[in-house]
Amino acid sequence: MISLSTDNQVVTSVFRITPDSSTSLAGVAIDNAGCLWMSSPDNNGSYALFKFDPKTGIAEKVKSVTATKTAVGNMASTVMGKLYYVIKNNNAALGCIDPASGEVSELAVPLNTAGRQINGITCQEKDDVIWFTVRSFEAESEQIRFGVMSYSPESGEFADYLQLTTNLEPPTEAITTDDSGNIWYAAMSGLTLDELDPVSNDIRVYGEPLSQSSMFGGVASGSEGEIWFTDPRVGHGAIGRIDPSTGDIAEYSEGLVNMYPKSIVADRNGAIWFTEKNAHYIGNITAEGIISEIATDIQIEDIGYDEQLISSSDGSLWGVYSNGYLVHYEIVE
């Protein structure tokens, strides 16, 4: 059963950013002037960066980077204004955009291994520090390490919080921070969610919430200290909630349209929103676990899969999609 919200309406605007559907969008972040910046990989291993001004509706390609076997991913914005994005090839790096000057640079991740990969990225606003998921493989010792690393734009220093593992999977995109300064990220298989206390270096692991078919997809921090996540497995999809004070995990699926939720985010009022594989619906979930799917007015049949959903200071949401579209979701209360 599809439950359409009576309290909210969503007005959508769809913008073509890339030249055509053969070029995707992978990440999006908002600068302090309200402009959106997007990362866009291509099939040749190079990538481009786009800038979109909501006031004019104009998108422009800011930079093209020619590289070999380079993939770019999600993005994050800092309080001080710079934007960061992940470069996911085996010579992993962070990309940095200074919107004020337009300067784009790359920061090599200081791991002494050839097989290093990064994927998810977020900003801890309390300290204005960038956090990202990492997997490294040392060929000589055959040691695999997984976890998160941090980068401080203020000091220019990296720190790693990696643990030995036998898992060969790449790192996931799922990462967020909470108000206590803890870092939450999904394990490489997506079957567990780890909570890191960077001060004590203690890690608390939250196991598979429903069954062997469940996994952690996107993850977001709620306004009351709770952690929300998507469980995107087809046929087992759900929106989940973790109470860190008790360790309790609950999942809710009644009301989902196609059982494939992915991106999840909290808006400025603390409301939790998520997207499903079918971009013609966006959903929200209450603290009690009541899911409402809202039919959007998107007319394009195939804008692709959602790659990243973010909230803006005006209360609206923005999402980028795999076929090169940017979507604005205006929440009308």
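Observations on the structure shown:
- For segment 13-46, filtered to residues that are open to solvent by less than 10 Å² (accessible area, probe 1.4 Å) and in a strand (DSSP E or B), the residue that is farthest from residue 314 (Cα to Cα) is 40.
- Per-region count, segment 288-308, residues β-branched (Val, Ile, Thr) and either over 11 Å from residue 14 (Cβ atoms) or touching a helix residue (DSSP H, G or I) at 6+ places or on another chain (Cβ under 6 Å) (or both): 3
- Condition met for residue 146 (open to solvent by less than 40 Å² (accessible area, probe 1.4 Å) and under 20 Å from residue 95 (Cβ atoms)): no
- Strands (runs of 3 or more DSSP E) wholly inside segment 218-281 containing at least 3 residues that are of a type outside the set (A, V, I, L, M) and more than 15 Å from residue 310 (Cα to Cα): 238-243, 248-252
- Hits in segment 282-302 - residues which are in a loop (DSSP other than H, G, I, E, B) and modelled with pLDDT under 85: 296, 297, 298, 299, 300, 301, 302
- Pairs, first acidic (Asp, Glu) in segment 311-333, second open to solvent by less than 20 Å² (accessible area, probe 1.4 Å) and not in a strand (DSSP E or B), C-beta under 6 Å, six or more apart: 330/316
- Complete set of residues in segment 309-333 that are open to solvent by 10 Å² or more (accessible area, probe 1.4 Å) and in contact with a Phe, Trp or Tyr (Cβ under 9 Å, 6 or more places away or on another chain): 309, 310, 311, 312, 318, 322, 323, 325, 328, 331
- Taking the conditions (1) under 24 Å from residue 132 (Cβ atoms); (2) touching a Ser or Thr at 6+ places or on another chain (Cβ under 9 Å); (3) buried (at least 17 other Cβ atoms within 10 Å of the Cβ) in turn, residue 222 satisfies each one other than (2).
- Residues located in segment 304-329, provided they are out of contact with any Ser or Thr (no Cβ under 8 Å at 6 or more places or on another chain) and assigned to a loop (DSSP other than H, G, I, E, B): 312, 313, 314, 315, 316
- Residue check for residue 291: surrounded by 20 or more Cβ atoms within 10 Å (Cβ to Cβ) and touching a residue at least 60 places away in the same chain (Cβ under 8 Å): yes
- Condition broken by residue 300, with the remaining ones in (1) open to solvent by 20 Å² or more (accessible area, probe 1.4 Å); (2) closer than 23 Å to residue 183 by Cβ; (3) of a type in the set (A, V, I, L, M) satisfied: (2)
- Scanning segment 56-95 for residues that are at pLDDT 95 or above and basic (Lys, Arg) returns a single hit, 82.
- When segment 24-45 is filtered for residues that are in contact with a strand residue (DSSP E or B) (Cβ under 6 Å, 6 or more places away or on another chain) and modelled with pLDDT under 90, only 41 remains.
The values are calculated or read from the model by the stated rules, or taken from the named source; none is laboratory data. What you are looking at is a predicted structure, and each value in this text was computed from that prediction instead of being measured. When we count neighbours, we look across all protein chains shown, and the Cβ atoms used for this are built from the backbone with ideal geometry, even at glycine. Protein only, heavy atoms only, side chains kept; ligands, DNA and RNA dropped before computing areas. Shrake-Rupley method; radii C 1.70, N 1.55, O 1.52, S 1.80 Å.
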